Structures are given as structure tokens and as C-alpha cells.
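What follows is a set of notes on a single structure, which appears directly below.
Computed from the coordinates by the stated procedures, all read-outs in this text should not be read as laboratory data. Please read these numbers as outputs of a predicted model, since none were measured by experiment. All Cβ positions, glycine included, derive from the backbone under ideal geometry; neighbour counts span all protein chains shown.
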Amino acid sequence: MSRSQLAERLLEWYRLNGRQLPWRTSPHPYAVWVSEIMLQQTRVETVIPYFERWMRRFPTLQALAEASQQEVLQAWEGLGYYSRARSLHRAAQIVVREYGGQLPRSLEALQSLPGIGPYTAGAIASIAFGLDVPGLDGNVRRVFSRLFDLTTAADTPSGERFLLDLVTAHLPDGQAGDYNQALMDLGALICLPKKPLCLSCPLNNLCLAYARGVQEQRPVLKPRAVVPHYTVTAGILRRNGHVLLAQRPAGGLLGGLWEFPGGKQEDGEDLPACLRRELQEELGVDVEVGQRVGVFRHAYTHFRITLHAFECALKAGEPRPLQASQIAWAPLADLHAYPMGKVDRLIARRLQDGGEDDGS
């Protein structure tokens, strides 16, 4: 297929069918950057309300740089992959300090910022600055794997290099931003992971996988590893209408977020024994484990958990942040002011509603 044929058909389709998204109405570099970070591993439908709230709260890069990390995490709460928010915040501070508050235009400078990898840098450079550079996200990878019926695993270094070369070879001069967004939209609307809408695709008679009837077998991907499952406990400690929260260390999973203290069950432990050990290790206290508050299930990127939350009573010791960044006795009515991950927010809502364990 010719470069012009593929790109021309794609761009014509995009002009008629491209998604109307809030960051496209005024593609300011800051808005493009925020949207691309939010869209990493997250669906557009989920991102839109977060993006709109974010831009109201932090309307400029300067406003984001001046915000506290807790404000940033609170605005991000529920979107997941919280390292994205922390990186976005750090990067904004760097841009203000080193680039006069203006996002740099070069790929090299963009990729030097926290949280911006090759794809995100390419997307920002092409959409916000009009540079002729490609982008290779999951949608684009799938589209080109099918167009050229690639049998090399698309999620390996060699597969990604080959795909990037193909995307670059068909990039139309001066239209990289629209080209990259058109490929994203085609993958999101037509070239779906399962049951692609091939009859509606503007590139169907150029697609080798469609011609050979193997479109649903492309892209080829590496075998997935078995996802481990962990049983976890959490303790609800109360004092004078307050509950105890611990802030997770900044560098790890859910860094900077608040949680009900607890941890992973070890071999041979029952749930109360696990919780007593964890609270001794984390807070330096002995507790009596009481009524179960609830059971909560959640899937992270590389593992799944089932968390059992229990009311606990202090028997000995005063809680200290032995493993957390800090602890706080939070009024029950003010739990919304403490940014939390999804499971801990579910526990908080259960406590605020006065609910008890329903076996969920």
C-alpha cells in the first residue's frame, strides 16, 4: 500500500468521524499533556470528567506546580495508577523552575520529564507543537499489526521497533497530530480488540489481516503471566469519633495516599492473627480484633487482592508511624479530605454510612 493512500483515507475518515474530546477543542500544550497522562491505561470515557474537573482546579501549569501533592492526589482519586499524578506534579514543578513555565517542544526535553515516555512525548510534540513525530499506543499497535498482518509479538522490543518504523513510514508531512489522533480513534472506534468492525473501516481493503481472515488473531502478544492473588487485612481503630489513617510512603504503590492500616496475610495465619501482627509492625500497638466491617475485592495491574476489614480495639501502646509517612486521627465526617485508593475509599464510605459487613 502507498504512504499517501493509507494516510489520505485515514485523515478523511478522521475529519468526518473523529471523537469530539475536550482537550481537542483547544489543544494547548498543558491540556494535551494532562490528557495524555490521564489516558495512559485508562479509557477515554473515564478520563473526560476527570480532565474537566482537573482543568477547573488546576487551570494552568503554574497552578499545578504550586499545588500540594495532597491536592493533586485528591483531584486524581479514583483514576488509578497514582504514580502518574505524582509524576505530573513533579514535572510541572520542573517546567516552572527550568523552562519558565512553558512545556518544552523537543522530544528529548519532553522525555526528560517525569512520567513522559516515548509515546507520550510523540503525542504531545505532534498534537501540541505540530512536529512530524509518530506515536505508538495500544490502539496504534493493534491497527498496524492488522494492516500488515504482523506475526511478531507486538509487545516485544523488536515488535515495537518494527511497528514504529511502519507508523513513521506512513506519517504525512505536516499532519502528524491529526494522523496520530486518527489512528487512536480508529483503534478505539473501529479496530476494536475483539470483534473489530471491519466492514466500517476506511482501510479494510488495505488490511492484510482482514484479507486473510485473521484480524481477531492480531496483534500477536506475549503470553500473559499468571496474576497472583493476595488476602489482605485492614483495621478500623476509633477514638472519640475519629478513625486512624496511615499515609503510605511516597515512593511505592499508592504512594502518598491514606489507608486503613493492615497488610498481607502470611502462610499459616488466620485473619485476626494477620491483622494483629501487621498493626504491631506498622503502629507498634497490640489490638483486639473485633467485628468484620466488610470484604472488598480489587484488581491492580499485576495482582489482585481480597481485603478483609475489621473493627479493632487498642489493648496496649500508642499508635506510631513505624512504616507509614505519618498517621492521623481523622473525623469520620472528614474522610473525604484524605485522598485514598479505591478499596480504602470503599471502607471509608461503609463507615460513614454506618454499614456493617454484608459479605460483599
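Where the Cα atoms of segment 213-342 are projected onto their three principal axes, how long is each span, largest first, in whole Å?
67, 36, 25
How far apart, in nm, are two points set 7 Å out from the Cα along the Cα-to-Cβ line at L271 and at Q41?
The modelled label-to-label distance comes out at 2.8 nm.
Enter the Cα centre distance for the pair segment 305-338 and segment 101-139, rounded to the nearest angstrom.
The two parts, judged by their Cα centres, are 41 Å apart.
Three principal axis extents, largest first, for the C-alpha atoms of segment 3-217, in Å?
So the three principal-axis extents are 54, 34, 31 Å.
Over the chain, what relative contact order in percent results from Cα pairs under 8 Å that are six or more residues apart? Before the final figure, lay out the partial values.
On the way: 598 pairs, mean separation 56.2, N = 360.
It rounds to 16 percent for the chain.
With springs only between Cα atoms under 10 Å, which of G256, G78, G213 fluctuates most in a Gaussian network model of the chain?
G213
Pairs K222/K342; K194/K222; K195/K222: which are spaced more than 22 Å apart, C-alpha to C-alpha?
Numbers: K222/K342 29 Å; K194/K222 17 Å; K195/K222 20 Å.
Those over the limit are K222/K342.
Which three lengths, in whole Å and largest first, does segment 1-130 cover when its Cα atoms are put on their principal axes?
50, 30, 23
Separation of segment 239-302 and segment 178-207 by C-alpha centroid, Å?
Segment 239-302 and segment 178-207 have Cα centres spaced 45 Å from each other.
Suppose every Lys and Arg Cβ carries +1 and every Asp and Glu Cβ carries -1, with no other charges. What dipole size does segment 229-352 come out with about its Cα centre, to the nearest 20 debye? Please list the in-between numbers first.
Numbers: 15 positive and 14 negative charges, 97 e Å.
Charge dipole, segment 229-352, about its Cα centre: 460 debye, nearest 20.
If each residue of separation counts as 0.36 nm, what is the full-extension length gain between T60 and R224 once their alpha-carbon separation is subtracted?
Working: separation 164, 0.36 × 164 = 59.04 nm, distance 4.00 nm.
Length difference between fully extended and current span is 55.0 nm.
How much FRET efficiency would the formula 1/(1 + (r/R0)^6) give for Y81 and Q102, where r is the Cβ-Cβ distance and R0 is 22 Å, rounded to 0.05? If you can, show how the numbers build up before the last one.
Details: r = 26 Å, r/R0 = 1.20.
Result of the calculation: an efficiency of 0.25.
Which whole-Hz couplings ³J(HN,Hα) result when phi for each residue of segment 138-149 is put into the Karplus expression 6.51 cos²θ - 1.76 cosθ + 1.60, θ = phi - 60°, listed in order with x for Gly and Pro?
x, 5, 5, 4, 5, 4, 6, 4, 7, 4, 10, 6
Just Y81, Y99, Y50 to compare: in a GNM of the chain, with alpha carbon springs under 10 Å, which one fluctuates most?
Y99
Starting from the 7 Å offset along Cα-to-Cβ, what nm value, one decimal, do you get for the label separation of A153 and A250?
Here the answer is 3.6 nm between the modelled labels.
Once you have the Kirkwood Rh of segment 139-241 from its Cα pairs, apply Stokes-Einstein at 37 °C and 0.692 mPa s and quote D in µm²/s.
Working: Rh = 15.9 Å.
The diffusion coefficient I find is 207 µm²/s.
What is the extension gain from N240 to D165, computed as 0.36 nm multiplied by their sequence separation minus the C-alpha to C-alpha distance, in nm to one decimal? Before the final figure, lay out the partial values.
Details: separation 75, 0.36 × 75 = 27.00 nm, distance 6.32 nm.
So the chain would gain 20.7 nm between N240 and D165.
Working out 0.36 nm times the residue gap between H336 and D173, then minus their Cα-Cα distance, what length gain in nm do you get to one decimal? Mind dumping the intermediate values first?
On the way: separation 163, 0.36 × 163 = 58.68 nm, distance 4.90 nm.
Result: 53.8 nm gained on full extension.
Convert 37 °C to kelvin, take the viscosity as 0.692 mPa s, use the Kirkwood radius over C-alpha pairs of the chain as Rh, and evaluate the Stokes-Einstein diffusion coefficient in µm²/s, rounded to a whole number. Intermediate values should be presented prior to the final figure.
Working: Rh = 23.0 Å.
For the chosen part, D equals 143 µm²/s.
Along the positive direction of the dipole of segment 225-360 (beta-carbon charges: Lys, Arg +1; Asp, Glu -1; about the Cα centre), which of M340, G354, Q326 reaches farthest?
Projecting each Cα onto the dipole axis, the largest value belongs to M340.
So what J values fall out for segment 172-184 if you push phi through Karplus, 6.51 cos²θ - 1.76 cosθ + 1.60 with θ = phi - 60°, rounded to Hz, Gly and Pro as x?
Running phi through 6.51 cos²θ - 1.76 cosθ + 1.60 with θ = phi - 60° gives x, 4, x, 10, 4, x, 5, 4, 5, 5, 5, 5, 4 Hz.
Counting only DSSP beta bridges with both residues in the chain, tell me the antiparallel percent, nearest 5. Could you put the intermediate results ahead of the total?
Working: 24 of 34 bridges.
Counting DSSP beta bridges with both partners in the chain, the antiparallel share is about 70 percent.
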